[in-house]
Amino acid sequence: MTLPARPVAAPGYHPLSKLQHWLMAAIWIAAWIVGFIAVHFRDALNPHHGLTFLHKAMASTVIFLTVLRIVWRWKHPAPALPSSMSPGMQRAAHFGHIGLYVFALVALPLSGWMWSSVADKPIMLLGLVKLPPLVAPAAEYYDLAKLVHQ
């Protein structure tokens, strides 16, 4: 009688993938907190819009890192999900991950860029390079752009 073969463990994430993940998570969370404070405590903590500049610099960094992360993922695929997960749970995990990319890492920063564009306010990529506006300034769309981003 022979024992069944042990399943081969899927290789883990590349160390740079882990670094990208946690770096982006920290920047995204910090950008969200700074943005919240900048808007809701504007008079007390953001009278000269320094927090707004910091928020935009961090959020534009997320856009930049997201592009790098997607390119990295094409070259370094994620390890397989555990076989102990049902096919439905694997699909849910896959679509949940795509949803995080689409909404948190792409749509949210782009909506902020759109809001800044509509308001004719600059965004500095990584705090160093001015990004071009996505659209021409349009005061009539300011409230809508703000609502979408917030």
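Summary table below
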quantity	calculated
Filter result for the condition that a residue is hydroxyl-bearing (Ser, Thr, Tyr), at pLDDT 95 or above and surrounded by fewer than 16 Cβ atoms within 10 Å (Cβ to Cβ), over Tyr142, Tyr101	Tyr142
Pro137 without any contact (Cβ under 8 Å) to a residue 24 or more places away in the chain and over 19 Å from the mean Cα position of the chain (by Cα)	yes
Residue match in region 39-56 (condition: of a type in the set (Gly, Ala, Ser), in a helix (DSSP H, G or I), at negative phi and crowded, with 16+ Cβ neighbours inside 10 Å)	no
Residues located in region 18-63, provided they are touching a residue at least 24 places away in the same chain (Cβ under 8 Å) and among the aromatic types (Phe, Trp, Tyr)	Trp28, Phe53
Among (1) at pLDDT below 95; (2) within 28 Å of Pro133 (Cβ to Cβ); (3) surrounded by fewer than 15 Cβ atoms within 10 Å (Cβ to Cβ) - the single one Ile33 does not satisfy	(1)
Within region 111-127, considering residues that are assigned to a helix (DSSP H, G or I) and of a type outside the set (S, T, N, Q), the one surrounded by the fewest Cβ atoms within 10 Å (Cβ to Cβ)	Met114
Residue among Ala93, Ala80 that alone is part of a helix (DSSP H, G or I) and either surrounded by 14 or more Cβ atoms within 10 Å (Cβ to Cβ) or of a type in the set (A, V, I, L, M) (or both)	Ala93
Residue match in region 65-76 (condition: of a type in the set (S, T, N, Q), over 20 Å from Ser17 (Cβ atoms) and within 19 Å of the chain's Cα centre (by Cα))	no
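The values are calculated or read from the model by the stated rules, or taken from the named source; none is laboratory data. The structure presented is a predicted model; accordingly, all values stated were derived computationally and were not measured. Ideal geometry is used to build each Cβ from the backbone, glycine not excepted, and the neighbour counts take in all protein chains shown.
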